[in-house]
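The values are calculated or read from the model by the stated rules, or taken from the named source; none is laboratory data. Worth saying up front: this structure is predicted, and the values here are computed from it rather than measured. Because the Cβ atoms are built from the backbone with ideal geometry, glycine has one as well, and the counts that use them run over all protein chains shown.
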């Protein structure tokens, strides 16, 4: 009996391990035709055991259908199309990852032969500085970041206030007057703060044009770790039951809790970072920021000899660079038309409409009734 | 009001059913510290089952044609799967603590450590991500009972009772309450229940009267595992959008606390779970609670820091425990491996 058990267990283990190793093998150097990121496997095995292009995730999981996933889609698609080996690293300890965990992930990537490491999320700053000093020959792309004063680090940030503005404006023009905003990072994440402030400004501007007053529930609660939770779902449920029609779910996996509450109440959600209309029928639009494109663009610069343009520097990408906007291919809004949006987009691109990015200025006005929920 | 009642049920039901799981094990003489681990495992199994069923054509057809009965059947089958696999998982604890006479707290802790790791491993293996979601749609659109499920119009006005208990609720929650009542009666009003309890008080005496203590303890722990597994899935369904990530937010441990709080007695346990659920609901949703429906959100406008509301469930637990723990009485023989020669 005991021997039998031992045999069964070892067979089970072998099967499990074999299943683990089932990843795609790409010939390094050979260019492969991939059209969309979904065709590219998340992990691959390189022949020499080295991985040239690496990605270190932010808190939350890789497949968050939002920030991490969107960035990695750009990284892996670019690498696969150019026949480069690629790999992703998730810092240990998940949502409680420390700077040491992040540094360890970067170090592991550098030691595995990385030439470019894309690090997502502003929380990577401290770890990145340490790693970039230790591996000066490796190029680091710091998404949602800033300049660290190091030639091998390129900071890329976005004008989130623009896409937040588009989303808020669209929601109010569509006819909604009770909005909600649930942000991640507990109010300390600059990107999320810009999103929220832009959203409020957009809603206010549209309300002013229509001569209405818009109520906006505004909260950072239960978002500190960007994860779904029962409490967040309860809070969203309460908002929806009290008349909120659409909530801007601004924080990775938090989307899942808010979409669940929206679906229960037949209400709506606005997605963030990527086009999230594929994840839930409750999504009416998404505030897009082109993290994937930006990451691919920066990686390409590391290879074509133009790195100096962005190294030791910080670029801020916005509508003018095609990096912020709303998804027009999956347009669901009925009263607010794509053409209207494109007109507004053109105004922002040309600089005719400038959106304030100083989120300290967030406040109520005669057209915006801001209800801050702690 | 509707909001408070519905959300309280969402929090209270998993606690209540898992606390009853604890009662069944401890009344038979086995301390089941592994409730959390079994919940995690049960949640995974239930969600996995839903995922597999969503790959079946007839289930997809049922969803497309809005055959709610079939979808409810899938939900019930998922609960059953979670219960059965939870029971199987708990056999590890039974075997270690009954046959091998190992220390029960250590056995339970081992399962608590094993379950999240195993579930995360399996989820990553199956999906290459940290959370297993439903393969399409969300829990509410698939399994939630709404006005429209019963053939009412979307804008139909139901009475207060209808709005609260028939609109936006999960059948699973009501089934759990029903199972809770039935199993409580079995524990107190049947021969089986009496024998089971005797094994937790004085197994030597029970054995001398011809009761098979080993069998009874296996029965107690297995029922416990089934209930905990089911509770895990119900938690995942109603509170986590039918997803599994190796975590049930400590509900297994809370259920242990509720069990002690309820003095190993189903009726007090039900009360304790609803009390705890109510305060959890207040802490998360205080900003939307309108007690007398006059449009004034008193708890938000009263000016108390939200942190106070968030502490409430735990503070209340501490206070009630301080006053009631004097009368608290655990089954006498719990935690002691049964040894015939000690008779």
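Residue count for the stretch A:252-284 under the criterion of being more than 15 Å from the chain's Cα centre (by Cα) and farther than 15 Å from residue B:138 by Cα: the result is 1.
Being crowded, with 19+ Cβ neighbours inside 10 Å, over 15 Å from the mean Cα position of the chain (by Cα), within 21 Å of residue A:234 (Cα to Cα) and without any contact (Cβ under 8 Å) to a residue 40 or more places away in the chain is a property that residue B:243 lacks.
If you go through the stretch B:116-161 and keep only what is surrounded by fewer than 17 Cβ atoms within 10 Å (Cβ to Cβ), outside any helix (DSSP H, G or I) and more than 9 Å from chain A (Cβ to nearest Cβ), you end up with B:135, B:136, B:151, B:152, B:153, B:155, B:156, B:157, B:158, B:159. Looking across the stretch B:280-315 at every residue that is within 28 Å of the chain's Cα centre (by Cα) and away from every other protein chain (no Cβ under 12 Å), the one that is surrounded by the most Cβ atoms within 10 Å (Cβ to Cβ) is identified as B:312.
Filtering the stretch A:102-117 to residues that are touching a residue at least 12 places away in the same chain (Cβ under 8 Å) and either under 18 Å from residue A:37 (Cα atoms) or part of a helix (DSSP H, G or I) (or both) leaves A:102, A:103, A:104, A:105, A:106, A:107, A:108, A:109, A:110. Residue A:238 falls short of the stated requirement of being outside any loop (DSSP other than H, G, I, E, B), within 14 Å of another protein chain (Cβ to nearest Cβ) and surrounded by fewer than 20 Cβ atoms within 10 Å (Cβ to Cβ). Quick check, is residue A:201 within 14 Å of another protein chain (Cβ to nearest Cβ) and farther than 27 Å from residue A:299 by Cα? In short, no. For the stretch A:209-235, taking the residues that are more than 12 Å from chain B (Cβ to nearest Cβ) and in contact with a strand residue (DSSP E or B) (Cβ under 7 Å, 6 or more places away or on another chain), the one that is modelled with the lowest pLDDT is identified as A:223.
The set of residues from the stretch A:102-123 being under 23 Å from residue B:245 (Cβ atoms) and either surrounded by 23 or more Cβ atoms within 10 Å (Cβ to Cβ) or modelled with pLDDT under 90 (or both) comprises A:102, A:105, A:120, A:121, A:123. Just so you know, in the stretch A:64-97 the residues that are outside any loop (DSSP other than H, G, I, E, B) and more than 27 Å from residue A:47 (Cα to Cα) include one that is farthest from the chain's Cα centre (by Cα), and it is A:96.
Of all residues in the stretch A:241-259, those being farther than 22 Å from residue A:93 by Cβ and away from chain B (no Cβ under 11 Å) number 6. Answer yes if at least one residue in the stretch B:169-179 is within 14 Å of another protein chain (Cβ to nearest Cβ) and not in a helix (DSSP H, G or I), and no otherwise. Looking for residues that are within 14 Å of another protein chain (Cβ to nearest Cβ) and not in a helix (DSSP H, G or I), one finds at least one in the stretch B:169-179, hence yes.
Residue-level check: of (1) more than 14 Å from chain B (Cβ to nearest Cβ); (2) in contact with a helix residue (DSSP H, G or I) (Cβ under 6 Å, 6 or more places away or on another chain); (3) modelled with pLDDT of 90 or more, residue A:185 misses just (3). When you check residue A:262 against the structure, is it within 14 Å of chain B (Cβ to nearest Cβ) and more than 19 Å from residue A:59 (Cβ to Cβ), yes or no? So residue A:262 passes the test.
Restricting the stretch A:273-306 to residues that are away from every other protein chain (no Cβ under 14 Å), farther than 20 Å from residue A:56 by Cα and in contact (Cβ under 8 Å) with a residue 40 or more places away in the chain, the residue that is surrounded by the fewest Cβ atoms within 10 Å (Cβ to Cβ) is A:275.
Rundown of residues vs (1) in contact (Cβ under 8 Å) with a residue 40 or more places away in the chain; (2) closer than 19 Å to residue B:227 by Cβ; (3) in contact with a helix residue (DSSP H, G or I) (Cβ under 9 Å, 6 or more places away or on another chain), yes/no style:
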| site | (1), (2), (3) |
| --- | --- |
| B:33 | yes, yes, yes |
| B:105 | yes, no, no |
| B:111 | yes, yes, yes |
| B:116 | yes, no, yes |
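The set of residues in the stretch A:181-197 that are closer than 24 Å to residue A:261 by Cα and in contact (Cβ under 8 Å) with a residue 60 or more places away in the chain comprises A:181, A:182, A:183, A:184, A:185, A:193, A:195, A:196, A:197. Filtered by the rule that a residue be farther than 30 Å from residue B:338 by Cα and away from every other protein chain (no Cβ under 12 Å), the stretch B:10-25 gives B:12, B:13.
Just checking, does the stretch A:165-175 include any residue being surrounded by fewer than 22 Cβ atoms within 10 Å (Cβ to Cβ) and closer than 30 Å to residue A:242 by Cβ? The answer is yes, given that some residue of the stretch A:165-175 is surrounded by fewer than 22 Cβ atoms within 10 Å (Cβ to Cβ) and closer than 30 Å to residue A:242 by Cβ. Criterion applied to B:236, B:226 was being at pLDDT 90 or above, away from chain A (no Cβ under 11 Å), buried (at least 23 other Cβ atoms within 10 Å of the Cβ) and closer than 25 Å to residue B:134 by Cβ, and the one residue passing it is B:226. Selection of the stretch B:193-212 for residues being touching a helix residue (DSSP H, G or I) at 6+ places or on another chain (Cβ under 7 Å), in contact (Cβ under 8 Å) with a residue 12 or more places away in the chain and assigned to a helix (DSSP H, G or I) yields B:195, B:196, B:197, B:198, B:199, B:200, B:203, B:204, B:207.
Do the conditions hold for residue B:92, that is, is it within 10 Å of another protein chain (Cβ to nearest Cβ) and part of a helix (DSSP H, G or I)? So residue B:92 does not fit the description; no.
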